[in-house]
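Novice: My questions all concern the structure below.
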Amino acid sequence: MNSYLPLTSKPDILLVDDNRENLRLLSTMLSECGYKVRKAINGSLALRAIEVTKPDLILLDINMPDFNGYEVCKKLKSNQHTADIPVIFISALDEVLDKVKAFDLGGVDYITKPFELQEVLIRVKNQLTLFFQQKQLTLQQKVLVEQNAQLQLLLKTTLAINESDNFHSALGVTLKQVCQKIGWNFGEFWLPNSQATVFKSGEGWYASNQRFEKFRHKSKKLTFATNRDFLREICKSQQPCWLVDVSVEPRGIFQRNQLAQEVGLKTCLGVPILFKDEVLAILVFLKQEASSPDAQLIELVNSLATQLSSFIQRKRSESALRESQQQLAAMAANIPGCVYRGVVHPDGKMKLLYISEGEHDLSGLNPQTAVAEPERLLEAMSPDSQADFYKALRALAESLEPITQEYPIASVNGEVKWVRNSARYSLMDNGDVMIDGVAIDISDRIAAEERLRRLEQSLTNSNNSS
């Protein structure tokens, strides 16, 4: 009969009637049908019973001492907590105006005494079905609203991350978006070392008020070396951590407790950003009010961190590559010739990631053109040299051994030069082969060797003639 209800519960029905015989009869009938039944002999007792435990349905008599049924219903419908309880009036009053008043006050049905037991059962079942279906619909709507809000936050944050210049600014954008969404006052992130014993403050942060900037300015100078701090616990568990009031936490748990007290920050939520079981960073959010853990909020922020982990990892990789290229450029400025970095894909295609300014002196191509059109570099080689170059690449992609090659090229202005190319190869996880190399102009050495060869040949010819 109650297939529309959770299997672990019985519908809770409150009977309100000053006639004890009616209460006994209805209670027996409903209990035998599997309902949980409570009874009240007047309006005052009914209101107290409802305050203790909210019923799923009320069968309410009208003519009672103290509060009549109309007054009880009016009180219930004026209270937000009880307004959704379905009320079926059950009364000897059968005038049209009595029924109109009952429905006008919020009743969902009206049964006239004397009643038929089967009629009562059908009406009760119908109203409970409608009630639980409405509750289920409301719950589903709430879930959809929450999911839509989460998707909107994820979309907005993802777009902002894609527009960020580097790893730190990407995390700063995430902090701002989340703080504004959940209404918290401060956001920051910390970067752990590989052992999760040292934590360094990241560059990105967010504050809803200028007075919280003091917390940031003092925090950014800190590097934690700890085996106890909550940051360490987050890394170990790889789970979010909620602190109700950091201002009263021991320093071993939250080392900036005094500083938090000075600026008025209390509740703290720490959430790890994970990528392949590695903690990339820990997002830390704080607010002014002390509050108990909010499971729904924790799930929202943790879910967002999970969804964004790949984007954050990509930004970190891009930042690392950019820093590596900057370091490479600084070193290349003091190295004669051309320093380059490239990738050979498994299909044999090559892409230049970096090439120094020395390329212009070597081939006449500016570095930007060489990166955009790497085939222009190969065109500078003779056909025989190109064939040897590809052959060497294929072999070295398999052996990963370093290589040194010497071959002629034709520069943009038609000048023929000899180049010595020394390179080292690394196999990447995705099958690509990374090439780091140096190409230098050895034309003078080749010319000197040619002059020496001719001189030796000339001396040999002179000796033979004498």
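Novice: So, in the stretch 48-79, how many residues would count as being without any contact (Cβ under 8 Å) to a residue 40 or more places away in the chain and open to solvent by less than 40 Å² (accessible area, probe 1.4 Å)?
Specialist: Qualifying residue count, the stretch 48-79: 5.
Novice: I'd like the full set of residues that are open to solvent by 50 Å² or more (accessible area, probe 1.4 Å) and among the small types (Gly, Ala, Ser), limited to the stretch 80-112.
Specialist: Selection gives ALA92 alone.
Novice: Output the residue which, of all residues in the stretch 209-267 that are modelled with pLDDT of 90 or more, outside any loop (DSSP other than H, G, I, E, B) and polar (S, T, N, Q), is nearest to PHE186 (Cα to Cα).
Specialist: THR267
Novice: On to the next question. Looking at ILE282 and the list (1) part of a helix (DSSP H, G or I); (2) in contact (Cβ under 8 Å) with a residue 24 or more places away in the chain, which single condition is not satisfied?
Specialist: (1)
Novice: Keeping to the stretch 92-140, report how many residues are among the hydrophobic types (A, V, I, L, M, F, W, C) and in contact (Cβ under 8 Å) with a residue 60 or more places away in the chain.
Specialist: Counting residues in the stretch 92-140 that are among the hydrophobic types (A, V, I, L, M, F, W, C) and in contact (Cβ under 8 Å) with a residue 60 or more places away in the chain gives 7.
Novice: Identify all residues within the stretch 28-41 that are out of contact with any strand residue (DSSP E or B) (no Cβ under 7 Å at 6 or more places or on another chain) and either under 15 Å from GLY107 (Cβ atoms) or open to solvent by 30 Å² or more (accessible area, probe 1.4 Å) (or both); write none if there are none. Can you show your working first?
Specialist: Within the stretch 28-41, the first condition is being out of contact with any strand residue (DSSP E or B) (no Cβ under 7 Å at 6 or more places or on another chain), and the residues that meet it are 28-29, 32-34, 41.
Once the filter is applied, which keeps residues that are out of contact with any strand residue (DSSP E or B) (no Cβ under 7 Å at 6 or more places or on another chain) and either under 15 Å from GLY107 (Cβ atoms) or open to solvent by 30 Å² or more (accessible area, probe 1.4 Å) (or both), the stretch 28-41 yields THR28, GLU32, CYS33, ILE41.
Novice: Another question, then. Taking the condition of being among the hydrophobic types (A, V, I, L, M, F, W, C), open to solvent by less than 10 Å² (accessible area, probe 1.4 Å) and in contact with a Pro (Cβ under 8 Å, 6 or more places away or on another chain), how many residues in the stretch 261-279 meet it?
Specialist: 2
Novice: Would you tally the residues in the stretch 60-79 being assigned to a helix (DSSP H, G or I) and of a type in the set (Phe, Trp, Tyr)?
Specialist: Residues flagged as assigned to a helix (DSSP H, G or I) and of a type in the set (Phe, Trp, Tyr) within the stretch 60-79 amount to 1.
Novice: Among the candidates VAL371, VAL343, which residue alone is hydrophobic (A, V, I, L, M, F, W, C), assigned to a helix (DSSP H, G or I) and at pLDDT 75 or above?
Specialist: Of VAL371, VAL343, the one residue that is hydrophobic (A, V, I, L, M, F, W, C), assigned to a helix (DSSP H, G or I) and at pLDDT 75 or above is VAL371.
Novice: So, one more: Going by the structure shown, is GLU203 in contact with a His (Cβ under 9 Å, 6 or more places away or on another chain) and either without any contact (Cβ under 8 Å) to a residue 60 or more places away in the chain or over 24 Å from LEU308 (Cβ atoms) (or both)?
Specialist: When the stated conditions are applied, GLU203 passes them.
Novice: Does LEU274 satisfy being within 24 Å of GLN180 (Cα to Cα) and in a helix (DSSP H, G or I)? Walk me through how you get there before you give the answer.
Specialist: Working: within 24 Å of GLN180 (Cα to Cα): yes; in a helix (DSSP H, G or I): no.
Judged against the criteria, LEU274 is not a match.
Novice: Here's something else I'd like to know. Do we have SER9 as in contact with a strand residue (DSSP E or B) (Cβ under 9 Å, 6 or more places away or on another chain), at negative phi, without any contact (Cβ under 8 Å) to a residue 12 or more places away in the chain and assigned to a loop (DSSP other than H, G, I, E, B) here?
Specialist: yes
Novice: Surrounded by fewer than 12 Cβ atoms within 10 Å (Cβ to Cβ), at pLDDT 85 or above and small (Gly, Ala, Ser): which single residue out of ALA387, ALA423, ALA448 fits that description? I'd like the intermediate steps shown before the answer.
Specialist: Working: ALA387 fails: at pLDDT 85 or above; ALA423 fails: surrounded by fewer than 12 Cβ atoms within 10 Å (Cβ to Cβ).
Exactly one of ALA387, ALA423, ALA448 is surrounded by fewer than 12 Cβ atoms within 10 Å (Cβ to Cβ), at pLDDT 85 or above and small (Gly, Ala, Ser), namely ALA448.
Novice: I'd like the residue in the stretch 152-205 that is within 19 Å of THR267 (Cβ to Cβ) and open to solvent by 40 Å² or more (accessible area, probe 1.4 Å) and, out of all such residues, is modelled with the lowest pLDDT.
Specialist: Per the stated criteria, the residue is LYS181.
Novice: Filter the stretch 113-133 down to residues that are part of a loop (DSSP other than H, G, I, E, B), open to solvent by 70 Å² or more (accessible area, probe 1.4 Å) and not acidic (Asp, Glu), then give me how many there are.
Specialist: 1
The values are calculated or read from the model by the stated rules, or taken from the named source; none is laboratory data. Fair warning: this is a prediction, and the values are worked out from it, not measured in the lab. All Cβ positions, even for glycine, are placed from backbone atoms using ideal geometry, and neighbour counts span all protein chains on display. Just so you know, the surface numbers come from the protein's heavy atoms only, side chains and all, with ligands and any DNA or RNA stripped out. Shrake-Rupley method; radii C 1.70, N 1.55, O 1.52, S 1.80 Å.
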